[in-house]
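Colleague: I have a structure I would like to understand better, so I am pasting it below and will then ask my questions one at a time.
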Amino acid sequence: MRGFCGKKMSVVLALMASTTMAQAEDVEVLHWWTSGGEAAALGVLKDNLASQGIGWVDMPVSGGGGEAAMTTLRARVTAGNAPTAVQMLGFDIQDWAAEGALGNLDAVAAAEGWDAVVPGALQAFSKYDGHWIAAPVNVHSTNWVWANKSILDGLGIAQPKTWDEFVAAMTAVKDSGKVALAHGGQAWQDATVFDGVVLSVGGTDFYKAAFVDLDPAALGGEQMVEAFRRMEILRSFADDNFSGRDWNLASAMVINGEAAFQIMGDWAKGEFLNAGKVPGQDFLCFRVPGSEGTVSFNSDQFAMFNVASEGAKAAQATMAADIMSPAFQSAFNVVKGSVPARTDVPNDAFDACGKQGMADLAAASAAGKLVGSMAHGHANRAAVKNAIYDVVTAAFNGEYDAAKAANELVSAVEAAK
Ligand code: BGC
């Protein structure tokens with residue numbers, strides 16, 4: 001890490017000299033990384049900044065998917081008190097940039113050569129009007145299953161390769177008296193599961209037609225009805241207390257051997273690692289059966305808000321340079337469960353699931369099978385995302401049958417567009 005720190009420092013000094021020589025201030029960071037695994041990853045970032053004399057003012061707002069964090073952010077900005085840096089996803093970054101609220105990171109991006117190493121799919125969100133406005137810290141993906149290996153071994157269940165095998169495996173677990181599917185009934189978690197289920201039914205093209213292009217024929221067609229049927233099946237494998245449960249408590253059920261599977265983004269891996277569990281030995285990671293080849297991604301980025309003082313600007317530049325250094329991208333993502341947001345980071349430090357995540361991302365990107373996560377704000381803007389959340393959650397809770405849910409999806413999306 002030291003070599004990179006030296007280079008980073010010189011970049012930051014050059015940036016500061018080009019404005020006025022200012023002492024970097026503390027950074028106030030708004031984020032939703034409040035689970036054990038997330039906090040461990042955040043610690044890597046805090047420590048890195050601390051080693052450069054930059055203090056951290058914490059502004060945590062819990063709630064996966066960041067909806068609550070975005071509400072708090074809006075209130076802060078409206079009150080004229082924007083934080084220095086904000087964890088943000090996909091289209092939210094673009095919306096804040098369109099409001100003119102974000103600072104310009106072009107100088108640090110040019111000095112560090114971000115254009116050449118950040119994948120285009122991420123740059124689409126990190127840049128607005130050709131200017132860098134956010135620094136991507138990772139790439140997560142949502143179409144993963146996390147499994148307790150000893151439960152599967154005990155029941156003689158092999159890693160399921162198809163949707164039908166997955167259902168058969170969950171049936172065997174349920175029959176054994178354990179919980180088959182650990183789930184937390186919160187809209188963003190239902191939607192996260194839906195990302196993988198929609199891919200398992202119709203693959204990349206169907207997913208894009210529905211969630212990116214918002215094609216009514218895809219949103220309301222037979223494949224979408226099938227996706228909602230699969231959600232009904234999944235619901236039948238959750239325990240009675242799933243409603244409102246936080247995602248990390250659902251992960252804990254798999255970690256503790258109470259439940260066999262969780263469908264969740266790879267931030268779940270951070271919980272397993274934080275509990276001292278080892279992939280391949282204690283737990284398995286595999287793509288939602290039927291969705292292999294496609295990666296539904298989301299990237300946490302730090303957007304830097306417009307700040308007046310030179311010291312705050314210097315701190316933002318240091319933080320952005322820090323986040324983007326290859327050594328940091330490796331150290332952070334190894335803990336977080338995600339994979340690096342730049343293409344030139346070696347995979348040596350990553351465990352088997354991380355290596356698979358990196359390989360899947362590269363292969364999906366080369367094959368045109370990298371899609372933005374609907375659930376995590378990378379397929380469409382918040383209004384559309386929230387409209388889809390409402391229908392998916394209502395259906396999951398039994399308010400609509402599968403056919404009615406697909407119909408409702410068409411009208412909800414139409415109204416939100
Ligand atoms: C973020 C992850 C986070 C997860 C759960 C997602 O939206 O991208 O970084 O761990 O929410 O909080």
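Colleague: Could you please find all residues in segment 279-300 being within 16 Å of the ligand (Cβ to nearest atom) and surrounded by 24 or more Cβ atoms within 10 Å (Cβ to Cβ)? If you could, list the steps in order and put the result at the bottom.
Modeller: Filtering segment 279-300 for residues within 16 Å of the ligand (Cβ to nearest atom) gives 285, 295-300.
V295, S296, F297, N298, S299, D300, listed by residue number.
Colleague: Are any residues in segment 63-83 open to solvent by less than 70 Å² (accessible area, probe 1.4 Å), more than 16 Å from the ligand (Cβ to nearest atom) and in a helix (DSSP H, G or I), and if so, which ones?
Modeller: A75, R76, V77
Colleague: Looking only at residues that are in a helix (DSSP H, G or I) and of a type in the set (A, V, I, L, M, F, W, C) in segment 167-183, which one is surrounded by the fewest Cβ atoms within 10 Å (Cβ to Cβ)? Even if it seems obvious, please write down each step before you answer.
Modeller: To start, the set of residues in segment 167-183 that are in a helix (DSSP H, G or I) comprises 167-176.
Checking which are of a type in the set (A, V, I, L, M, F, W, C) leaves us with 167-170, 172-173.
Working: V167: 18, A168: 13, A169: 24, M170: 22, A172: 17, V173: 24.
Among residues in segment 167-183 that are in a helix (DSSP H, G or I) and of a type in the set (A, V, I, L, M, F, W, C), the one surrounded by the fewest Cβ atoms within 10 Å (Cβ to Cβ) is A168.
Colleague: Also, I was wondering about something else. From the list G357, G372, G337, which one is touching a His at 6+ places or on another chain (Cβ under 6 Å), within 16 Å of the ligand (Cβ to nearest atom) and at pLDDT 95 or above? Steps first, please.
Modeller: On the way: G357 fails: touching a His at 6+ places or on another chain (Cβ under 6 Å); G337 fails: touching a His at 6+ places or on another chain (Cβ under 6 Å).
From the options G357, G372, G337, the qualifying one is G372.
The rows are residues; the columns are (1) under 28 Å from T192 (Cα atoms); (2) touching a strand residue (DSSP E or B) at 6+ places or on another chain (Cβ under 7 Å); (3) within 15 Å of the ligand (Cβ to nearest atom); (4) open to solvent by less than 50 Å² (accessible area, probe 1.4 Å).
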site	(1), (2), (3), (4)
G36	yes, no, yes, yes
V61	yes, yes, yes, yes
N104	no, yes, no, no
E112	no, no, no, yes
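Colleague: In this structure, is A308 away from the ligand (no atom under 16 Å from the Cβ), of a type outside the set (D, E, K, R) and assigned to a helix (DSSP H, G or I)?
Modeller: Taking the combined requirement at face value, the residue does not satisfy it.
Colleague: Among the numbered criteria (1) over 19 Å from L49 (Cα atoms); (2) in a helix (DSSP H, G or I); (3) free of Cβ contacts under 8 Å to residues at least 40 places away in the same chain, which one does S330 miss?
Modeller: So the condition that S330 fails would be (1).
Colleague: For L249, indicate whether it is in the same structural domain as N407 (by TED's automatic domain parsing) and either over 15 Å from G64 (Cα atoms) or of a type in the set (F, W, Y) (or both). I'd like the intermediate steps shown before the answer.
Modeller: Details: in the same structural domain as N407 (by TED's automatic domain parsing): yes; either over 15 Å from G64 (Cα atoms) or of a type in the set (F, W, Y) (or both): no.
Spelling it out, it is not the case that L249 is in the same structural domain as N407 (by TED's automatic domain parsing) and either over 15 Å from G64 (Cα atoms) or of a type in the set (F, W, Y) (or both).
Colleague: Mind listing whichever residues of segment 184-209 are acidic (D, E) and open to solvent by less than 10 Å² (accessible area, probe 1.4 Å)? Walk me through it before giving the result.
Modeller: Start the filter on segment 184-209 by keeping residues that are acidic (D, E), which leaves 190, 195, 205.
Answer for segment 184-209, where residues must be acidic (D, E) and open to solvent by less than 10 Å² (accessible area, probe 1.4 Å): D190, D195.
Yes/no per residue for (1) within 16 Å of the ligand (Cβ to nearest atom); (2) under 19 Å from the mean Cα position of the chain (by Cα); (3) at pLDDT 95 or above; (4) assigned to a helix (DSSP H, G or I):
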site: A24; (1), (2), (3), (4): no, no, no, no
site: A39; (1), (2), (3), (4): yes, yes, yes, yes
site: G43; (1), (2), (3), (4): yes, yes, yes, yes
site: G53; (1), (2), (3), (4): no, no, no, no
site: V57; (1), (2), (3), (4): no, no, yes, no
site: F91; (1), (2), (3), (4): yes, yes, yes, yes
site: A97; (1), (2), (3), (4): no, no, yes, yes
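Colleague: Would you confirm, using the coordinates I've provided, whether G113 is on the phi > 0 side of the Ramachandran plot and touching a residue at least 60 places away in the same chain (Cβ under 8 Å)?
Modeller: Numbers: on the phi > 0 side of the Ramachandran plot: yes; touching a residue at least 60 places away in the same chain (Cβ under 8 Å): no.
No: the conditions fail for G113.
Colleague: For segment 375-391, name all the residues that are within 16 Å of the ligand (Cβ to nearest atom), closer than 18 Å to T71 by Cα and assigned to a helix (DSSP H, G or I).
Modeller: The answer is A382, K385, N386, Y389.
The values are calculated or read from the model by the stated rules, or taken from the named source; none is laboratory data. Nothing here was measured: the structure is a model prediction, and the numbers come from that model. Positions of Cβ are generated from backbone atoms using ideal geometry, with glycine treated the same way; all protein chains shown enter the neighbour counts. Accessible surface is based on the protein model in full, side chains and every heavy atom, while ligands, DNA and RNA are left aside. Shrake-Rupley method; radii C 1.70, N 1.55, O 1.52, S 1.80 Å.
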